[in-house]
Amino acid sequence: MYLCIRFGLHCWLASLMVMMNKRRNILIFALLTIGLVVLLTADLCLGSTLFSPRMLWQQGGDAHSIYHHIFLNLRLPKALTAILAGSALSVSGILMQTLFRNPLAGPYILGVSSGASLGVAFVVMCTSLFGMVSAGAGVIATSAIIGSTLVLLLVMSVAGKVKDNVSLLIIGMMVGAIAGALVNIMQNIANPDALKLFIVWTLGSLTAVGWHELSVMTPVLLIGALMVLLLLKPLNGLLLGESYARALGVNISRTRLGIVLSTSLLAGGVTAWCGPIAFIGVAVPHLARGIMHTSNHRLTVPACALLGANLLLFCDCMVSVASLAMSLSLPISTLSSLIAAPVIIYVILKN
């Protein structure tokens, strides 16, 4: 009788904890969603021309107004880009940290950013050396996509042959180092104008993305996001280690290729149009796991997406405030580094 009562009490407490956790998770996602709406509104209002929230609702009235143009063609695409880029980099970061079981792994660890930089550097430097017309935003984005795709194909061909993730990590870092060395060679032989254009791209920016660029970037990121949704169960299996994952029926090679491909689509798509944005993909997964108190990817992946979008929107708001208050045009990567780098330091000290 005593054992039955004790067992029933334990079952009741367990079900109570599950209910409390579900309510807590719902509350966290609701707060993150509210924060996203608030930061989106703030990002649309802030800038060299201040808008009030009431003015935002009135922009659909006069299509010929300068405020309508600022809102519809400048600020709204930039804010949507911040949401997409922050979510994509954060989700790709948690994929890399799970794959390599390394808390400091990020979306650019496989050389995707270095490949994109190599493609941009090649186009920018060649146009300057041969006296061609200066590369536009579309040409730069295309060259970044080609460069990151070539690195992706190289890494994926290696991923199908190596047996362990450490070897894949080392090869990805070496490919990135080779691409970085080639970029340095091109920088040394480039003229100052081309070098300045390339450096501006490497600092990261959300302002170069308009509706046309969004129409190309969004499908790429959505394909990567759908692949992540299909990988949630294998990702949870990898948390236990490769041996346990195999015992659970996880195909390690197929899962690794899926993670590499989805990460390259997410990180490469953002880098092509926005340039490299530092530390978002490394820091946000730690924040998501800390807030959710779990490593279950069914919870941490959507939390990463919301947190990343909130963080990059906040960084863009700070860029607008700096531009308004001090007439400074700060790159988005500078703000993301200042905010996210302390999180990395905390993780290192804690571990």
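Just a few scattered comments:
- Residue exposure sequence - ASP316, ASP43 - by fewest surrounding Cβ within 10 Å: ASP43, ASP316
- Square roots of 5 times each gyration tensor eigenvalue, C-alpha, segment 156-252, largest first, Å: 36, 23, 9
- Remark on the chain: ratio of C-alpha radius of gyration to 2.2 N^0.38 Å is 1.09.
- Once the Cα atoms are used to define both axes, helix 192-202 deviates from the longest principal axis of the chain by about 20 degrees.
- Considering only LEU311, LEU240, LEU335, the Gaussian network model of the chain with Cα springs below 10 Å gives its largest mean-square fluctuation to LEU240.
- Largest mean-square fluctuation among SER148, SER52, SER87, in a Gaussian network model of the chain whose springs join Cα atoms under 10 Å apart, belongs to SER52.
- Each residue in LEU265, LEU168 was given a count of other beta-carbon atoms within 10 angstrom of its own, and listing them fewest first yields LEU168, LEU265.
- In segment 222-351, the C-alpha radius of gyration followed by the widest Cα-Cα span (Dmax) gives 17.0, 59 angstrom.
- Within a Gaussian network of the chain (alpha carbon springs, distance under 10 Å), most fluctuating of ALA225, ALA181, ALA141: ALA181
- Taking the fewest neighbouring Cβ atoms within 10 Å as the starting point, the ordered list for PHE71, PHE122 is PHE122, PHE71.
- Degrees, to the nearest 10: 297-326 long Cα axis against longest axis of the chain: 30 degrees
- Only one residue of ILE171, LEU235, LEU257 has its Cα farthest out toward the positive end of the dipole of the chain, where Lys and Arg carry +1 and Asp and Glu -1 on Cβ, and that residue is LEU235.
- Computed from Cα atoms, the angle from the helix 252-274 axis to the main principal axis of the chain rounds to 40 degrees.
Every read-out reported here was derived from the displayed coordinates using simple, explicitly stated rules and does not represent laboratory data. Quick caveat, the model's predicted, so the values are computed rather than measured. Reconstructed Cβ throughout: ideal geometry from the backbone, glycine too, with neighbour counts over all protein chains shown.
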